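Participant: My structure is below; once you've seen it, I'll send some questions.
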Amino acid sequence: MAAGRLIVLEGPEGAGKTTQLRLLATRLENDGYRILALREPGGTPLGDSIRGILLHSPGDISPAAEALLFMASRAEIMERHVDPALDAGVIVLMDRFFLSTYAYQIAGRGLDEANVRAANSLATGGRTPDLNLVIDLDPADGLARAALRGSHDRMERSGDEFHARVSRAFAEFASDDWQDAHEESGRIVMVDGAGTPDEVHNRIMKMLAQNLPGEFGMLDEVKRQ
Ligand code: TMP
């Protein structure tokens, strides 16, 4: 059986990843692909408990403990869902994966890069995404969108400077130099997050066809554009 594909949507707060993941999953399912859509942190009973702690704990969490909690949720979802689905030939779509750790915990919190990468390798078992789509949006616009969704969670309350560091990190990931130095990340491309959800969705479909032509190059909608 052909191996599945791991496709990750990433980006700063309010970039529209979750909407785009839903549109993408529906589109691909309608085209007959077998899809598993997941989000991090979460996606398992343990991961959902960890998500509650990370996003809604009233007290402070130290940066290292925060990083390790994200990793624990990741280790669990890899073993229970991601690895078995990929082995069964399913296309796994993830709303965030470890580029978020690199942006939020290394660039944002200032944790040591080598230590975080080593811990991440334990959590992922060395699994490399086939494609990371980083949705690019001005941080102020993203935080304003996130605020419209309602109450701020613990990560969203981390301050403007923190979120500016996170956004700058995401913007750097697609550069050749960064990708050459981080082979575990797989291919990373930026998607312009401006415009309507449908406009962003069409950009994502084109990126899929360009970067994974064997799997997605034949989609009618992409061919027509
Ligand atoms: P979201 O799923 O609503 O985007 O919320 C997840 C939050 O957790 C978001 O603020 C990004 C943050 N996060 C990290 O800081 N590190 C990680 O490794 C992941 C997966 C998420």
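The values are calculated or read from the model by the stated rules, or taken from the named source; none is laboratory data. Since the structure is predicted, the reported quantities are computational estimates derived from the model, not experimental observations. Glycine also receives a Cβ, built like all others from the backbone with ideal geometry; neighbour counts cover every protein chain displayed.
Participant: Contact list please: Cβ distance under 9 Å, first residue in the range 67-78 and at negative phi and within 11 Å of the ligand (Cβ to nearest atom), second residue at pLDDT 95 or above and acidic (Asp, Glu), pairs at least six apart or on different chains.
Facilitator: So the pair list comes out as 70/40; 73/40; 73/48; 74/40; 77/40.
Participant: Let me confirm something: among 80, 157, 165, 145, which residue is buried (at least 17 other Cβ atoms within 10 Å of the Cβ), among the basic types (Lys, Arg) and assigned to a helix (DSSP H, G or I)? Steps first, answer last, please.
Facilitator: Numbers: 80 fails: buried (at least 17 other Cβ atoms within 10 Å of the Cβ); 157 fails: buried (at least 17 other Cβ atoms within 10 Å of the Cβ); 145 fails: buried (at least 17 other Cβ atoms within 10 Å of the Cβ).
Just one listed residue meets the conditions, 165.
Participant: Another question, then. Return the residues of the range 81-106 that are farther than 28 Å from residue 168 by Cα and within 16 Å of the ligand (Cβ to nearest atom); say none if nothing qualifies. Quick ask: steps written out before the conclusion?
Facilitator: As a first pass, look at the range 81-106 and keep what is farther than 28 Å from residue 168 by Cα: 81-91.
81, 82, listed by residue number.
Participant: Report the residue count in the range 83-98 for those that are in a helix (DSSP H, G or I) and crowded, with 23+ Cβ neighbours inside 10 Å. Steps first, answer last, please.
Facilitator: Going residue by residue through the range 83-98, those that are in a helix (DSSP H, G or I) are 83-87, 98.
Filter again for crowded, with 23+ Cβ neighbours inside 10 Å, leaving 98.
Here the count works out to 1.
Participant: To continue, here is another question. Residues of the range 14-39 being within 15 Å of the ligand (Cβ to nearest atom) and closer than 30 Å to residue 218 by Cβ, which ones? Before the answer, list the steps.
Facilitator: Initial filter on the range 14-39 (within 15 Å of the ligand (Cβ to nearest atom)): 14-22, 37-39.
Once the filter is applied, which keeps residues that are within 15 Å of the ligand (Cβ to nearest atom) and closer than 30 Å to residue 218 by Cβ, the range 14-39 yields 15, 16, 17, 18, 19, 20, 21, 22, 37, 38, 39.
Participant: If you check every pair at least six apart or on different chains, which have Cβ atoms under 7 Å apart with a residue in the range 197-217 that is aromatic (Phe, Trp, Tyr) first and a residue that is not in a helix (DSSP H, G or I) second?
Facilitator: none
Participant: Restricting to the range 146-156, and then to whatever is at pLDDT below 80 and more than 10 Å from the ligand (Cβ to nearest atom), can you tell me which residue is nearest to the chain's Cα centre (by Cα)? Quick ask: steps written out before the conclusion?
Facilitator: Keep residues of the range 146-156 that are at pLDDT below 80, which gives 146-147, 149-151.
Of the ones still in play, those that are also more than 10 Å from the ligand (Cβ to nearest atom) are 147, 150-151.
On the way: 147: 20, 150: 22, 151: 22 Å.
Among them, the one singled out is 147.
Participant: Yes or no: the range 56-63 includes at least one residue that is surrounded by 15 or more Cβ atoms within 10 Å (Cβ to Cβ), within 11 Å of the ligand (Cβ to nearest atom) and either outside any helix (DSSP H, G or I) or under 14 Å from the mean Cα position of the chain (by Cα) (or both). Talk me through it step by step, then tell me what you get.
Facilitator: Residues of the range 56-63 that are surrounded by 15 or more Cβ atoms within 10 Å (Cβ to Cβ), as a first pass: 63.
Imposing the further condition that a residue be within 11 Å of the ligand (Cβ to nearest atom) reduces the set to 63.
Checking which are either outside any helix (DSSP H, G or I) or under 14 Å from the mean Cα position of the chain (by Cα) (or both) leaves us with none.
Checked the range 56-63: no residue is surrounded by 15 or more Cβ atoms within 10 Å (Cβ to Cβ), within 11 Å of the ligand (Cβ to nearest atom) and either outside any helix (DSSP H, G or I) or under 14 Å from the mean Cα position of the chain (by Cα) (or both).
Participant: Could you tell me how many of the residues in the range 158-183 are in contact (Cβ under 8 Å) with a residue 12 or more places away in the chain, more than 17 Å from residue 66 (Cβ to Cβ) and polar (S, T, N, Q)? Spell out the reasoning first.
Facilitator: Here is the first cut: in the range 158-183, the ones in contact (Cβ under 8 Å) with a residue 12 or more places away in the chain are 158, 160, 162-171, 173-174, 182-183.
If we keep only those that are more than 17 Å from residue 66 (Cβ to Cβ) too, we end up with 160, 164, 167-168, 170-171, 173-174, 182-183.
Adding the requirement that they be polar (S, T, N, Q) leaves 167.
Count: 1.
Participant: Can you confirm whether residue 52 is within 13 Å of the ligand (Cβ to nearest atom), surrounded by fewer than 16 Cβ atoms within 10 Å (Cβ to Cβ) and either at pLDDT 95 or above or in a loop (DSSP other than H, G, I, E, B) (or both)? It would help to see each step written out before you state the result.
Facilitator: Numbers: within 13 Å of the ligand (Cβ to nearest atom): yes; surrounded by fewer than 16 Cβ atoms within 10 Å (Cβ to Cβ): yes; either at pLDDT 95 or above or in a loop (DSSP other than H, G, I, E, B) (or both): yes.
So residue 52 fits the description; yes.
Participant: Testing residue 133 on (1) within 13 Å of the ligand (Cβ to nearest atom); (2) under 11 Å from the mean Cα position of the chain (by Cα); (3) not in a helix (DSSP H, G or I), one condition comes back false. Which one is that?
Facilitator: All conditions are met except number (1).
Participant: If you go through the range 168-192, how many residues are more than 12 Å from the ligand (Cβ to nearest atom), out of contact with any Phe, Trp or Tyr (no Cβ under 8 Å at 6 or more places or on another chain) and within 17 Å of residue 107 (Cα to Cα)?
Facilitator: Residues that pass the stated criteria total 7.
Participant: OK, next. Name the residue, out of 32, 14, 42, that is surrounded by fewer than 19 Cβ atoms within 10 Å (Cβ to Cβ) and assigned to a loop (DSSP other than H, G, I, E, B). If you could, list the steps in order and put the result at the bottom.
Facilitator: Numbers: 14 fails: surrounded by fewer than 19 Cβ atoms within 10 Å (Cβ to Cβ); 42 fails: surrounded by fewer than 19 Cβ atoms within 10 Å (Cβ to Cβ).
Just one listed residue meets the conditions, 32.
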